[in-house]
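Encoded as structure tokens, the structure appears first; notes follow it.
The values are calculated or read from the model by the stated rules, or taken from the named source; none is laboratory data. Everything quoted here is computed from the prediction, not taken from an experiment. Ideal geometry is used to build each Cβ from the backbone, glycine not excepted, and the neighbour counts take in all protein chains shown.
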Amino acid sequence: MDTKKILMAIGCILILIGFVGIGIQHNLRKLPIQPVNSLKAAREALEKHDLETFKKYVDTDAIIEVAAKEILTAQINSEILPTAYSMDELQNRYENQLKPEFINSARAALDEYILTGAVNFPYYLNDAQNFLNKSGVTSCEIKSFSTPHLVGNEMLSSIIFYNAQMKFSFEIVVELEPDDKVGWRITNARGFEDYYNGYRSALRRRLDSLNAPIGRQMDEIFKVKSFKVKSSDGDEYGFSKTLNISLKCDIHYDKPLAQIIGNVIMLGKDGKEHFSPFVIDMIDQPQGIQTLEVTKTLNPFVRADVDAMRHGLRKKDLHIEVTEIIFEDGTNLKLLDQLPE
């Protein structure tokens, strides 16, 4: 498993702990007395590194389960080609590999944090630890939060965070439930997908300026001039559809091309982008204006794709992005996908 996923969960759980340990103390008087007592007790347990007491007030296992589902789903939808796995294979991979490893690792790290106040990493950071630093989790600060209030039968508090390092805001909604033993207990939190998507969007914005000169070089070799989209039925059960995308491209090269790699980017009605990677075989492809075909499976579990299936696809909601050109001699021209050291 990509350990970046593990540490993203850890980071989000630390954000929640920050809410309990730091944010509430600024405005205790505004909260109903019972939630205040429980949140204050959780904060004191955290300060004393009392794991057993902290878990009486915060259901960390349930929250990590939510983080696993939201973050892994967001990453799967963004990074895994839908046609690479059947739905059964993808579900099996999630349930039996990604989710257990994610949860076990996040629990261990969270327990270590509460007991010691830190998560210890080796001297030489691996990719996941670098990601944790670069994602700006430790720079997150609480900008505002709502007084815990009843929404239906749920006691909720909405917390707005700002990631100062990556310059984006996101929301975590915390749910409290009455508990016979401790008064009120934090039993749920949602919004971890918001953090992942916020980081991804912020990273893209920062990379855009760095990638501008690389993009101009790529356009001189392979430039998408326009595209047309048609939809057709996907799987045999009728749950999905396939977009058939015809790309009108202008191709010029000094040395033979092997592959063009990129993304089909769809914007959902919720304003969130969904990425589907594609690969075009360019061996023996002639130069000049050519029409090339790309397909995208509309996933019934992805909001942007569902919007397209239900309401049709507006052309302005779809974007074609070329991210890498690979030449037959093995060299390549590639957009940066992470910030340089």
**Which numbered condition Arg206 misses (of (1) surrounded by fewer than 20 Cβ atoms within 10 Å (Cβ to Cβ); (2) modelled with pLDDT of 85 or more; (3) in the same structural domain as Ala45 (by TED's automatic domain parsing); (4) not polar (S, T, N, Q))** = (3)
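Residues are listed down the side, and each one gets a yes or a no for (1) small (Gly, Ala, Ser); (2) farther than 23 Å from Gly191 by Cα; (3) modelled with pLDDT of 55 or more:
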| residue | (1), (2), (3) |
| --- | --- |
| Cys12 | no, no, no |
| Ile22 | no, no, no |
| Asn27 | no, no, no |
| Ser38 | yes, no, yes |
| Arg43 | no, no, yes |
| Leu51 | no, yes, yes |
| Glu79 | no, no, yes |
| Ser86 | yes, yes, yes |
**All positions within region 95-112 that are over 26 Å from Asp50 (Cα atoms) and free of Cβ contacts under 8 Å to residues at least 24 places away in the same chain** = Glu95, Asn96
**Asked** Are any residues in region 268-301 exposed (fewer than 13 other Cβ atoms within 10 Å of the Cβ) and at pLDDT 90 or above, and if so, which ones?
**Response** Asp281, Ile283, Asp284, Pro286, Gln287, Gly288, Ile289, Thr291, Glu293
**Request:** Being in a loop (DSSP other than H, G, I, E, B) and at pLDDT below 85 is the filter; apply it to region 231-267 and report the residue that is surrounded by the most Cβ atoms within 10 Å (Cβ to Cβ).
**Result:** Gly234
**Item:** Hits in region 135-145 (condition: touching a strand residue (DSSP E or B) at 6+ places or on another chain (Cβ under 7 Å) and either assigned to a loop (DSSP other than H, G, I, E, B) or buried (at least 20 other Cβ atoms within 10 Å of the Cβ) (or both))
**Value:** Gly136, Cys140, Phe145
**Request:** Could you tell me whether region 114-124 includes any residue that is surrounded by 15 or more Cβ atoms within 10 Å (Cβ to Cβ), closer than 16 Å to Ile186 by Cβ and either more than 23 Å from the chain's Cα centre (by Cα) or modelled with pLDDT of 65 or more (or both)?
**Result:** yes
